[in-house]
Amino acid sequence: MKLDVDALRYLSKEDFRVLTAVEMGMRNHEIVPAELVERIARLKHGGTYKVLRNLLKHKLLHHDSSKYDGYRLTYLGYDFLAIKVLVNRGVFSSVGRQIGVGKESDIFEVATEDGTILAMKLHRLGRISFRAVKSKRDYLQHRRSYNWLYLSRLAALKEFAFMKALGEHGFPVPQAVDCNRHCVVMSLVQGYPLVQVKQLQNPDEVFETIIGLIVRLAEHGLIHCDFNEFNIMIDDEGKVTMIDFPQMVSVSHRNAQMYFDRDADCIFKFFNKRFQLSFHDNKDGCDDSGSDDGEDGRLSFWSIEKSAGFLDKELAASGFTRKDQDEMEKFIEGGGDEGETVSSDDEDCAYENQLGNDGADAVISTLPCLNLNMHQEVSLNHKKVDNTDEHPHTSVTEDLKIAEIVNGVDLCANLRDNENDIVDGSALIKNGTLREEEIDGSDDSEDSAPALIKGLNRQRRRAVAAARGGRKAVISRNSYKDKGGSKSSHNSKLQRQACKLYS
Ligand code: ADP
Ligand code: MG
């Protein structure tokens, strides 16, 4: 099912008001009764039902009458909410082709007003039943509620925070530009996932650089946890960029060594199979990475001098708290595989293989202009949030109260306290309704959360400028990449194809 982002242009303020009301209702309802939507949205002249029909038509909502009559957001609806906020902030103005699909995300090219191409990652936690999350569902059954939209948002926030912090520490990562809901905007990496590269002029050097990254991460107190050929990009000059951070953990994690070894193993195995590197022969080569090797020439987790506290100190400053981290680890801990290795014909460590992506498929061919390839509605897989689902017709005051206490957590208070929620345009309840700025994402006006917002705005401007500065016009050389699978980024093509979201 494909849907046109073009529809964004034609959606009215009322449409967004109602869409946001459904999003809010979903904080404590798997399915949000129309009555509640109406009461939250409080359109001036009524007409919520008509708006709901319009949103249904555009597949931004899904109507469900299995348990009782109500609505829920589709992923597309959630995408629209995030995209609208980011467009309003001036982060980008058009959406182009899909350039990647990960195990739990879709990646698109987006263009700023001045034509700079960035990458937009839409997190889709729960879309795929990859074992990690699946196994955690057992756990979820014992918790009263679980919201995939919430987790996708948390994953995006974490990815953004890590990307930013790692970039500031000189790690080769995309430039973090902005984040809203489940959406992260970053600079476009000019290169290819390592999995697509069949030949390297200097595999030893690249191997050492990559192993060096694992070591440096650990020295900074971090483990990537999904460090493999799918999450390492390389360009024509051999420059390596690492991506994909939602599953990173601290070196103080109870399974830290296992995750560290697994990351290192993936790289060893990949280079051994693909480039025939022999690690007994190349044992000395690893020493350049600044680490001590274990007896078999492998990295030794314990011999690395680690500085803990990175997560707490630096990431909290980016809006991702220790509490968020703990919450995420419950679900997607370390890529979630708990050390299980997935064997495929080609690579052992490629978790993406669970999805049948063999790398070549990991990049999708050009999509029609502004058409997001929406993967139907998300299967929300919610368990009942709480008993309120059985009583969809409780009064709005009750509902709002319930909205504030989901799983014993005062969500609304959290949101009020959490500047990120203000900044990201998420809905807040005020007197039982939505405020205007919550709908159009204009809530990041300078007076609503002054210091932080000013800072974030500055940061955003700097990030876009940096992304722009680092951009190369076109990828031309492709000396060692398998030409047959060329999926280079055709910026000019995008510019031709990308249409403005708001003219
Ligand atoms: P997932 O978490 O779902 O695995 P990733 O972040 O690994 O998602 O992205 C999936 C694919 O999208 C990558 O393998 C890569 O091809 C592409 N991709 C992701 N981020 C970027 C980026 N900043 N620039 C260019 N391509 C990207
Ligand atoms: Mg990935």
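What follows draws every value from the coordinates through simple rules; no lab data is involved. These numbers come from a predicted model, not from an experiment. We place every Cβ from the backbone using ideal geometry, glycine too, and count neighbours over all the protein chains shown.
One table, with the values for the structure above:
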read-out	value
Long-range amide H partners of Gln175 with built H, under 5 Å	Ser187
Residues Lys67, Lys121 arranged by fewest to most Cβ contacts within 10 Å	Lys67, Lys121
Per-residue ³J(HN,Hα) for segment 205-213, Karplus 6.51 cos²θ - 1.76 cosθ + 1.60, θ = phi - 60°, Hz, x for Gly and Pro	5, 5, 4, 5, 4, 5, 4, x, 5
Asp226, Asp263, Asp324, Asp64 arranged by Cβ crowding within 10 Å, fewest neighbours leading	Asp64, Asp324, Asp263, Asp226
Residue exposure sequence - Phe227, Phe279 - by fewest surrounding Cβ within 10 Å	Phe279, Phe227
Cut-off under 5 Å, modelled amide H: who pairs with Gly102 long-range	Ile107
Placed amide H near Val32: partners under 5 Å, 5+ positions off or other chain	Tyr71, Arg72
Relative contact order (percent, whole number), segment 139-261, Cα cutoff 8 Å, 6+ residue spacing	24
